[in-house]
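The next block holds one structure in the form of structure tokens; read it before the comments.
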Amino acid sequence: MTMARQHFTPLQRLLHWLMAICILAMLFIGVGMVSTVMPKYLTLVSIHKPLGIAILVLALVRLGVRLRDGAPALPADLPEPMKLAAHLSHYAFYALMIAMPLIGWGMLSAAGYPIVLFGGVHLPPILPQSDGLHATLWTAHYYLAFAFFALILLHLGAALFHAFVRRDGVFEAMASGSSAGGVAPAE
Amino acid sequence: MPEPSRTPSRSALGSLVMIAAIVAGGATAFAYTAGWLSPQRLTPDKMVDALAPPGGPALGHRRNHAKGVCFTGVFDANGAGTALSKAQVFAAGQYPALGRFNLGTPDPHAADATVRVRGLGLQIATPDGQLWRSAMIDVPFFPVATPQAFYDLLLAQGSKDPNAMKTFAGAHPEIAAFGGWAKSAPWTGSYAEERFNGINSFIFVDGSGKESAVRWSLVPAAQPVPVSPDDLAKRGPDFLEQEITDRVHGGPQRWTLRVTVANPGDPTADPSKAWPDDRHTVEVGTLTVQKIEAEQDGPCRDINYDPTVLPSGIKTSDDPFPAARSAAYAKSFDRRTAEAQDYPRTATGAKP
Ligand code: HEM
Ligand code: HEM
Ligand code: HEM
């Protein structure tokens, strides 16, 4: 049954677009906060942590939904290398959506900082305090963040390529719940 | 590469250009947010770079207040602070304290008698899992009014232009008060005789939500004994560390934590302006230092005494310094933890 589906389920689409907004916001907040010493630094940091943890929770839910509901097949005429690229990039996205928050959480744990979500609500440390671990995780968080953004730009370019050049229904599979192919109705 | 079955329409080129423009627009917005297109933005990196002495920073060490020694002890709250803040640290009781006596210099090997400003980093942990961190100095006010001015001061100090400091002082007359303090305030022979001031303003929130703007100080129990810098120089380059170690061996050392409450209209956003002496103060408890440990293997080594690590019941005010300090201390911490091999621990595995 899932094989014949041409669209992601409404829940999958909701998660995709909600998380797309959250993740893009996280990346901009991340690079913005580390480039300023103004009071907004504290505001941005205080959004970065709980939003990042929210992304972790949503990513785990999304992974479960994806394993349960699967995904519509890519168009049969899509060249193999593009199919492979699509599949690999989706694996990479899931890995990043789960790894980035865990690395952030681990980095704060290794630094001995309290992990404040809001008010008095704290998360427990997930790693012992260690300068070496902190340095490694900091490096990973830094480089993976840029890799994440680069992958999103690629993904965005590919999605628009499907929408406006190939017009093959791939964009609509995520954008809408009806009419495969053709022009995407705005949701 | 096999052709897609649906041949792209004639507008394909236009679409590709549009797609490229959207992707490039996204990349540009990101670069702008990251500050790569704004070279004049004061970033934590620039602030920390500016702290470095002419020979470059001491790798593996704090980028400021680099010379120091760890202490552990307890904070005994007397309960009086609960009238101002709901933080558990003010509820009567005893809470573990972990801190660091330090000197305001980026050089971890500076001779003690050459450093005018002495500091203290403090962390108090409470059973509710919250931490309160603070870093204080023996100066009663900050030399400049804004983080940007502090950065400009660092640049002026490092400048080759002989008039740089004069120009700076012209633009920032508040610096004169620090010059006056540096000349007239007595030097002492011990960290235990110093009063350490939080200088920045914070907001205490009590159980009913009432807010008070406050500053705080650690007032020493030991009587300060003035000693001239020349006499201090004769005691050797590390006399402060040796003295406090011996002194605490002989018996715990104490400070009273005194909270000063602002009157309406007192300047909270400008740490270069001390509040008048007659302000309402509350003595909220006693810090007792029980044990001194060298920094190299000590428990304070990998702590960032970020002044924005606050329990609920204390929050930042309109003072712009804590945010700037938090950003800069994190950068300093990121760098020094990545350089641990340049400041190796002596006893591997001896860390608690
Ligand atoms: C999807 C999740 C996340 C993304 C996309 C993300 C992205 C970023 C980015 C782009 C930066 C700036 C890197 C730089 O230019 O230096 C950053 C820094 C940071 N992130 Fe995240 N992050 C995520 C999750 C988290 C979480 C869950 C936490 C903590 C609970 C966290 C804590 C931090 C911290 C503390 C920094 C500053 C590091 C420093 O320079 O000291 N992040 N993040
Ligand atoms: C910002 C972060 C984004 C992430 C992390 C992300 C992640 C993903 C993932 C993992 C998939 C595979 C389906 C799934 O399991 O959910 C997917 C599919 C898709 N995404 Fe995104 N996406 C993002 C942004 C965007 C944007 C901005 C667009 C378009 C403007 C877009 C368009 C699509 C389309 C059309 C598909 C369906 C592709 C297919 O069926 O293979 N995505 N996305
Ligand atoms: C914008 C202004 C300031 C900047 C950029 C700055 C910068 C720094 C840096 C980079 C460190 C090293 C942090 C670490 O690696 O853990 C440090 C430590 C310290 N600072 Fe500041 N600082 C500023 C203002 C102040 C003020 C207002 C005070 C006093 C109230 C202060 C007192 C201290 C003390 C006592 C330490 C040592 C803390 C410890 O033992 O770890 N600083 N400062």
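The values are calculated or read from the model by the stated rules, or taken from the named source; none is laboratory data. Just so it is clear, the model here is predicted, and its values are computed rather than measured. FYI the Cβ positions are ideal-geometry reconstructions off the backbone, even for glycines, and counts take in every protein chain you see. These area figures cover heavy atoms from the full protein model, side chains too; ligands, DNA and RNA do not enter into them. Shrake-Rupley method; radii C 1.70, N 1.55, O 1.52, S 1.80 Å.
At a glance:
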| read-out | value |
| --- | --- |
| Accessible surface of B:Ser134 - all protein chains present, 1.4 Å probe, nearest 10 Å² | 10 |
| In degrees, nearest ten, helix A:40-69 long axis to first principal axis of chain A (Cα) | 40 |
| Distance between modelled label sites at B:Gln296 and B:Asp342, nm, 7 Å Cα→Cβ extension | 1.8 |
| Area of B:Thr245 that stays accessible when all protein chains are in place (1.4 Å probe, Å², to 10) | 50 |
| At least 30 Å along the helix axis (C-alpha) and Kyte average at least 0.5, DSSP helices within chain B | B:12-33 |
| Solvent-accessible area of B:His172 with every protein chain in place, 1.4 Å probe, in Å² to the nearest 10 | 40 |
| Gyration tensor over alpha-carbon atoms, chain A, equivalent ellipsoid semi-axes in Å | 35, 16, 16 |
| Positive dipole terminus of the protein assembly as shown, leading residue within B:Pro224, A:Val116, A:Val61 (C-beta point charges) | A:Val61 |
| Whole-number accessible area per residue in Å² for region B:154-281, which is evaluated in the context of all protein chains at 1.4 Å | 52 |
| Within 10 Å of each Cβ in B:267-280, the average number of Cβ atoms from other chains | 0 |
| Shielding by other protein chains, A:37-47, mean Cβ within 10 Å | 6 |
| Extension gain, A:Leu153 back to A:Glu80 (0.36 nm per residue minus Cα-Cα distance, nm) | 24.2 nm |
| Area projected by the alpha carbon convex hull of region B:10-342, averaged over all directions, nm² | 22.9 |
| Surface share of carbon and sulfur [accessible, 1.4 angstrom probe, percent] for chain B | 57 |
| Region B:227-277-region B:278-313 distance, computed between alpha-carbon centres (Å) | 13 |
| Heavy-atom accessible surface that A and B bury in contact, both chains counted, 1.4 Å, Å² to 100 | 3700 |
| Cα-based Lys proximity count in region B:10-342, under 13 Å, for pairs eight or more positions apart or on separate chains | 4 |
| Solvent-accessible ranking of B:Phe202, A:Phe171, largest area first, probe 1.4 Å | A:Phe171, B:Phe202 |
| By accessible area with a 1.4 Å probe, ligands and nucleic acids excluded, highest first: order of A:Leu84, B:Leu84, A:Leu74 | A:Leu84, A:Leu74, B:Leu84 |
| With Cα atoms, 0 to 90° folded angle of helix A:10-33 axis to chain A main axis | 40 |
| Solvent exposure, largest accessible area first (probe 1.4 Å, DNA, RNA and ligands not counted), of B:Thr256, B:Thr281 | B:Thr281, B:Thr256 |
| For region B:279-342: rounded, prolate or oblate by the Cα gyration tensor [a/c cutoff 1.5] | oblate |
| Three-way shape call for region B:166-253 based on the alpha-carbon gyration tensor, with the a/c threshold at 1.5 | oblate |
| Relative contact order %, chain B, counting alpha carbon pairs below 8 Å whose residues are six or more apart | 23 |
| Shielding score for A:157-166, defined as the mean number of other chain Cβ atoms within 10 Å | 5 |
| Nearest-ten-degree value, helix A:131-160 long axis tilted from longest Cα axis of chain A | 20 |
| Extension gain (nm, one decimal) between B:Glu283 and B:Asp238, 0.36 nm per residue minus Cα-Cα | 13.0 nm |
